[in-house]
Structure formats: structure tokens, C-alpha cells
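K.L.:
Starting off with a structure, shown below.
The values are calculated or read from the model by the stated rules, or taken from the named source; none is laboratory data. All of these numbers come straight from a predicted model, not from anything done at the bench. Neighbour counts are summed over all protein chains in view; Cβ atoms, including those assigned to glycine, are modelled from backbone coordinates with ideal geometry.
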Amino acid sequence: MAKAKVTFQDIDTTVNVPAGTRVIEISEKVGSGIIYGCREGDCGTCMMQVVEGWNNLTEPSVLEEKILKENMAGRHNRLACQAQVLGDIAVKPA
Amino acid sequence: MNSRDDLTTPGKAVEVAPGVHWIGAMDPDLRTFDIILKTANGTTYNSYLVRGDDGVAVIDTVKAGFQGEFFARLESVADYSEIRTIVLNHLEPDHSGALPELMRRAPQASLYISKRATSMLKALLKPNQGGFEYQRADTGDRIELGGRTLRFLHTPFLHWPDTQCTYLEEEGVLFSGDIFGCHYCDSRLFNDRAGDFRFSFDYYYAHIMRPFKSHVREALALIGPLKLNLVAPAHGPVLRDRPRRYVNRYRELSAPSIDAEMGEDERSFLIFYMSSYGNTARMAESVADGAESVAGVRISLYDLEGGEVEPFADLIEEADALAFGSPTINGDAVKPVWDLLSSLTVIDLRGKVGAAFGSYGWSGEAVSMVEDRLRGLKLRVPVQGKRIKLVPTEDELEECRSFGRQVAQALVGEGGASRVFDMADLG
């Protein structure tokens, strides 16, 4: 299976993951400062900043787009509980 | 209810400023609000009506069971056909309960809610299928009522994501929603005539607004420059006598309390523990020793057996990192630890560093259970918890020092070298 590197810049930590992994599956295990609320894409708590590899994440769903908008997301913000990794990315808490 | 000098005759509106009427409802018998809040004086659901040359605006409604009282007061000062605008500063059911019926009686009116309120409106009014049309309001948006201007202030998370304030520019009246409110029912209505509600005001802040202190400060930055002749909250007395005092009180309550105590470059790291045979206590002391060795971190060590939850919660609010030491007894962390960890909902813990450690006899679940709780409370848990079987050796205490040092380093951002893992190794 294709592998990808996810770098959490706030703790200078990189994890090699299979493509398709959601950021939520790894960020807590390594102690990144990305924090979670509902864990199902509804509350916007887990907004993260995608610093590198914006196009290496799955496209946001209509629901995620709506929640990002309601939470006044910036240009390179995604929800860590929704975004799936397709290639190398670097993220940090928004 | 305090009933002397009653201004709130049934079926009558009360003028609180020129052309501005209180049309709310009294709930004197309420003793518990929203499960979590006590009130010795009931509460009020405040709604207001603003009359302009070109029509009328209604600001907030009341809890569903009180809509008869609300409509009777409204009808005493306006006809439904005059209502052009309905504003909901906050969608919680105690303010939106009469909205469906009000929209039915005034179908021509435009509904204004904050830009964060749209999904809540739909969820709250699910039984009213078909829904309502609404306008999304943001800071600076205005509505002209003919010689009267309503201006919106976006004040999210006070105390729901949707909350906003509405300001009547010509009269200097701030319709503040739950901000500056309290659960206190007094038919004398105004702050200079009602009984002593200072306790209720502070209590309401402590339970409703305190978890959102940073948002309180942002809202005060918007409210601060306004000319304020009257603050009209959604609960409790209408603040007409020196309303600025209540703004200042919020400023005091939302300010950090130990700013001056901690140095500017210093981070506060609190270590709480509970120990039955002294093993977790010895671990705690070693964790503290290790953490102390990191420059810029000030350590405080507390035995939970010797303290009460509430003052500890106050300390935790101002701290930057927290570690909890608990033995494992019958497969769980001990009750004083859970008592403290279940009493932190009024505090903003987001992003603080958390850690757990403890001695155990055979299974040792406490540490991972506490870590999960810390994550649930939105703390960051950067270092895997430390467990030691029964009595720690000197080598194991050294491991505890190293653990404390690592947590403190994570707190000050000294992560050391970059780390690389495979997902399969993360457990």
C-alpha cells in the first residue's frame, strides 16, 4: 500500500502512514496540539493548518466545507478528523 | 419572587428606554436552570421591542411555556403587522421558544441570527419542518427601523457558538443576550430597584461565561468603545444605573489572576497525586524533580488528599501543564482524581499540556484512563504516561525524573531532535 509522511510541525514529529489514514488516527498518539471535539466533522474543534502538501489530502466533503466556513477557516485549514492523507503533508494546529 | 413595587403588571410592557419596551416573562419558581445552575430567585426571560418610524423590531423571545405572557406584553405596545424585524441574539430554547409562534403571527418579519447560528436554528426547530428564512448577521451589519438603527456585534461562544449582541445606536442600548445576565427574578426589573443580585451575577458568569474567558475578552473589546446608557440582558435585571460597572466586572472576572505571580517567561506546571502506600507519591516527587530541571518551568506539587476540588480547579485554569498521579485500584484511577477531572468543565483547558503517571499492582489501567480523559478535555498529551509496578527502585525513580523532564520540555518547546515513527509502532 502506498505510504505517505505526515509531519506535525508543532512537535517536530513525522509519522509514516498508509495512504487513506485520517490525521485524527495519529495526531493524538504522537502528542500533537491538534485537539478534538465531536470527532465526526460537526464541531470544527480539530481545525488544522496544512503547511505543506495541500493537494495531498482528500477533497473536503460538502459537510466539511460547510463546517470550515461556519468556523471562519483560513485558506489552508482542514478538519483533522475528516482529511485523509494521500501523500506527504505537514500540518500544525490552526 | 421579589414582588414589592411591581413594575411587571401582567399583560403590560415596561418602557426601559425611549421607544424600547421589555416584553419578557417572569419565572419565579425555577430553582434549577439547565441542570447545572441553581437559582434562589427564579429567573426572567427578557425580550425587548424597539419601535422605529418604519416599524418594530423584537429582540429575543422567551421559553416556550411562557409565550402567553410574552405575547400579551407584546400586544400591549405593538400590532403583529408592525413587526419588520426579529432578532435572536442566542438560540437556546429559553430565548427561541416562542419564535415559531411569533413567526407565524408576524410572517412578514425578517429573522436575523448570527452567522454561526444557522445549523443550530435548523436543529432546534426540526419539528417546524419547512423552516424559516433568515438573514445572517455579522459585526457591523445594521438594520434601519426609521430613525432607529440596530447594529450587530458578533460575540461567539458567550456561551454558545451562535451568540451575538445587538446595539441600538441612537439610545446607547446594548441588547447583550446572555452576556451580563443572571438568574434573578425581580418584578422591580431594574438594577437600581431590584434586590441584591451581585451573587447571582458573579455565579452566572462563573458557570456560563468562565469556560470562554478569551471570548469574553474579545467581546469586551467590541463592547468597550460603545456609549452605554442601558444594558438589556436576556436574563435578570435590566442594567440602567451605571451599566458600565457590569462591563468592568466582566473585565475583572475574565482577567488572569496570577499573571503577576508568574514571571513573563515562566510556565506553570502543576502535579497532582494520590497515593495509598507512598509509591505514587515518590513517583510524583521524582517527576517534579525532573521537571524542575528545565529552565522556565515552575513546579507545584499537590497531594489530592489534602485539598478540595474547587481551589484546585482555580489553579488549573491558570496553569500551563498538568500531571496527575494515580495508583490503579480495582482497575481504575482513584476517585479523588476523577472528582477533580470531572470538575473542570467551567475551565478552558484547550491546548494545555497533560500527563499521567502512577504505581500499580498487577494491571495498571489508571494511567491510560487518565490520559484518555485529559485528551477528552482537549489537553495535549505529548509524553506517554509512566507506570511502575508497586515499589519504585532508584532506577525507576530516575525514569520518573526523565518523564517529568520530557513533559516540561514539551511545555517550553524543547522537543529535542526531530522524531520519525511508523504508524504501526504507535500502538
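K.L.:
Just one of A:G44, A:G37, A:G33 is within 9 Å of chain B (Cβ to nearest Cβ), more than 13 Å from the chain's Cα centre (by Cα) and under 27 Å from B:L374 (Cβ atoms); which is it?
P.N.:
Selected residue: A:G37, the only one of A:G44, A:G37, A:G33 that is within 9 Å of chain B (Cβ to nearest Cβ), more than 13 Å from the chain's Cα centre (by Cα) and under 27 Å from B:L374 (Cβ atoms).
K.L.:
When segment B:282-312 is examined, which residues are found to be part of a helix (DSSP H, G or I) and either touching a residue at least 40 places away in the same chain (Cβ under 8 Å) or over 30 Å from the mean Cα position of the chain (by Cα) (or both)? Give the steps one after another, and end with the answer.
P.N.:
Initial filter on segment B:282-312 (part of a helix (DSSP H, G or I)): B:282-292, B:304-306, B:309-312.
Once the filter is applied, which keeps residues that are part of a helix (DSSP H, G or I) and either touching a residue at least 40 places away in the same chain (Cβ under 8 Å) or over 30 Å from the mean Cα position of the chain (by Cα) (or both), segment B:282-312 yields B:R282, B:M283, B:A284, B:E285, B:S286, B:V287, B:A288, B:D289, B:G290, B:A291, B:E292, B:F312.
K.L.:
Only one of (1) free of Cβ contacts under 8 Å to residues at least 24 places away in the same chain; (2) assigned to a strand (DSSP E or B) is not met by B:F152, so which one is it?
P.N.:
Tallying (1) free of Cβ contacts under 8 Å to residues at least 24 places away in the same chain; (2) assigned to a strand (DSSP E or B), B:F152 fails exactly one: (1).
K.L.:
Filter segment B:336-358 for residues that are away from chain A (no Cβ under 11 Å) and assigned to a strand (DSSP E or B) and give the result.
P.N.:
B:A356, B:F357, B:G358
K.L.:
Ok, one more. Can you tell me which of (1) under 22 Å from B:G351 (Cα atoms); (2) buried (at least 16 other Cβ atoms within 10 Å of the Cβ) is the one A:H76 doesn't meet?
P.N.:
That leaves (2) as the condition not met.
K.L.:
Is there any pair linking a residue in segment B:79-99 that is in the same structural domain as B:D60 (by TED's automatic domain parsing) to one that is among the aromatic types (F, W, Y) and not in a strand (DSSP E or B), with Cβ under 6 Å and at least six apart or on different chains, and which?
P.N.:
Qualifying pairs under 6 Å: B:A98/B:F70.
K.L.:
Another question about this same structure. Go through segment B:196-244 and report how many residues are among the aliphatic types (A, V, I, L, M), more than 11 Å from B:L174 (Cα to Cα), surrounded by fewer than 22 Cβ atoms within 10 Å (Cβ to Cβ) and modelled with pLDDT of 95 or more.
P.N.:
So the answer is 3.
K.L.:
Something else: State which residue pairs qualify: first residue without any contact (Cβ under 8 Å) to a residue 24 or more places away in the chain and at the interface with chain B (Cβ under 10 Å from one of its Cβ atoms) and inside segment A:3-27, second residue assigned to a strand (DSSP E or B) and of a type outside the set (D, E, K, R) in any location, beta carbons under 6 Å apart, and separation of 6 or more residues or different chains.
P.N.:
Qualifying pairs under 6 Å: A:K3/A:N16; A:T14/A:T7; A:T14/B:V420; A:V15/A:V6; A:V15/B:F421; A:I26/A:V15.
K.L.:
Also, I was wondering about something else. Right, A:I67: under 30 Å from B:L121 (Cα atoms) and either more than 13 Å from the chain's Cα centre (by Cα) or away from chain B (no Cβ under 11 Å) (or both) or not? Reasoning before the result, please.
P.N.:
Values: under 30 Å from B:L121 (Cα atoms): yes; either more than 13 Å from the chain's Cα centre (by Cα) or away from chain B (no Cβ under 11 Å) (or both): yes.
Judged against the criteria, A:I67 is a match.
K.L.:
Right, another one. Look through segment B:374-398, keep the residues that are away from chain A (no Cβ under 13 Å) and surrounded by 16 or more Cβ atoms within 10 Å (Cβ to Cβ), and return whichever of them is nearest to B:I316 (Cα to Cα).
P.N.:
The first filter runs over segment B:374-398 and keeps only residues away from chain A (no Cβ under 13 Å), leaving B:386-398.
Within this subset, residues satisfying the condition of being surrounded by 16 or more Cβ atoms within 10 Å (Cβ to Cβ) are B:386-388, B:392, B:396-397.
Details: B:K386: 21, B:R387: 23, B:I388: 26, B:P392: 28, B:E396: 28, B:L397: 26 Å.
Filtering first and then ranking leaves B:K386.
K.L.:
While we're here: As an exercise: evaluate B:R31 against (1) of a type outside the set (V, I, T); (2) over 27 Å from B:Y167 (Cβ atoms); (3) touching an Asp or Glu at 6+ places or on another chain (Cβ under 9 Å) and give the number of the one condition it does not meet.
P.N.:
(3)
K.L.:
Working only within segment B:329-372, note down all residues that are of a type in the set (F, W, Y) and in contact with a helix residue (DSSP H, G or I) (Cβ under 6 Å, 6 or more places away or on another chain).
P.N.:
The first filter runs over segment B:329-372 and keeps only residues of a type in the set (F, W, Y), leaving B:338, B:357, B:360, B:362.
Of everything in segment B:329-372, just one residue is of a type in the set (F, W, Y) and in contact with a helix residue (DSSP H, G or I) (Cβ under 6 Å, 6 or more places away or on another chain), namely B:F357.
K.L.:
Give just the number: which of (1) of a type in the set (G, A, S); (2) part of a loop (DSSP other than H, G, I, E, B); (3) under 21 Å from B:L49 (Cα atoms) does B:G195 not satisfy?
P.N.:
Only one criterion is unmet by B:G195, namely (3).
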